[in-house]
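Readers should treat all values here as calculations from the given coordinates under stated rules, not as data from a laboratory. A quick note: this is a predicted structure, and the numbers were derived from the prediction, not measured. Note: ideal-geometry Cβ built from the backbone for every residue, glycine included; neighbour counts use all protein chains shown.
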Amino acid sequence: MSGRTLKVNGRRVWVLEDGGGALLLYLHGLADVHSVKESWLPFHERLAERARVIAPAHPGCAQTDENKDIDAIEDMVFHYLEVLDAMKLTQFDLVGSCVGGWVAAEIAARHPEKIRKLVLIGAAGLFVEGALIGDIFMMAPSERGSSYASLREMLFVSAEQPQALEMFPDGMGEIEDELRRYQMLRFSSRIGFKPPYFYNRPL
């Protein structure tokens, strides 16, 4: 795995890359690389066994500069079109998780000619009858100053599994992880903190 910084319209975009084969663009979510962890999780390592995985960090996350022009999901599509141009990516498989799944779906809906295959993992943005998205922002503040138990329960099938506890612990985690969590929630609030909260009905 290697990391590099792209310059896109004067802003830094941090990108991780690994593997070989078909090009796969990965857009991260809340419990993920760039948003809690600095490097690949086992899931990403498995992807990199079969594809050339490129994973940019969203604006304001990890080492990517914040983009104050972003305050709606449409702005994220424009941001990623600029990133794709900077990397000279014209066609690729697209995988998005959580908030990254919402961004991926928006890109695919507007620019299907760029997408060979699309995979959405627990994607926000899409309204699914009977499967409403929980209020991330209500659960995001740590309980009693240091517990992320409610947020863990929302994001994981089992709130007590080791990876869930590592990413959203009861008690203060590593300071770098805490900072990444804060950055990701701040970014998410830019596109999802207005009604209807993490949905785009026209999508």
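A few comments on the model shown:
- Over the C-alpha atoms of region 1-86, the Rg to Rh ratio, Rh being the Kirkwood estimate, stands at 0.96.
- The mean of 1/r over all distinct Cα pairs in region 98-161, once inverted, gives the Kirkwood hydrodynamic radius of 13.7 Å.
- Rh (Kirkwood; distinct C-alpha pairs) - region 51-96, Å: 11.7 Å
- Ignoring lysines fewer than eight residues from Lys37 along the same chain, the ones with Cα atoms less than 25 angstrom from its Cα are Lys7, Lys68.
- Principal-axis tilt of helix 175-192 within the chain, Cα atoms, nearest 10 degrees: 70 degrees
- Once exposed loop GluC sites (Glu not before Pro) are cut out (DSSP; at most 16 other Cβ, 10 Å), longest piece of the chain: 67-128
- Residue range of the chain that is longest and free of chymotrypsin sites (Phe, Trp or Tyr not before Pro) which are both DSSP loop and sparsely packed (at most 16 other C-beta within 10 Å): 1-126
- From helices alone, the chain scores -10000 deg cm²/dmol at 222 nm; the rule is -39500 (n - 2.57) for each run of n ≥ 4 DSSP H residues, then divide by the residue total.
- Each residue, Arg116 and Leu89, gets one label point 7 Å from its Cα in the Cβ direction; the gap between the two is 1.3 nm.
- Separation between Cα centres of region 40-110 and region 113-185, rounded to whole Å: 18 Å
- Summarising the strand pairing of the chain, around 45 percent of its internal DSSP beta bridges are antiparallel.
- Among the trypsin sites (Lys or Arg not before Pro) in region 93-181, those located in a DSSP loop and surrounded by at most 11 other Cβ atoms within 10 Å of their own Cβ are Arg144.
- Compactness of region 2-192, expressed as Rg and Dmax over alpha-carbon positions, Å: 16.0, 49
- The trypsin sites (Lys or Arg not before Pro) of region 47-96 meeting both criteria, a DSSP state outside H, G, I, E and B (loop) and at most 11 other C-beta atoms within 10 angstrom of the site's C-beta, are Lys68, Lys88.
- Here the gap between Val128 and Leu41, fully extended at 0.36 nm per residue and compared with their Cα-Cα distance, gives a gain of 28.5 nm.
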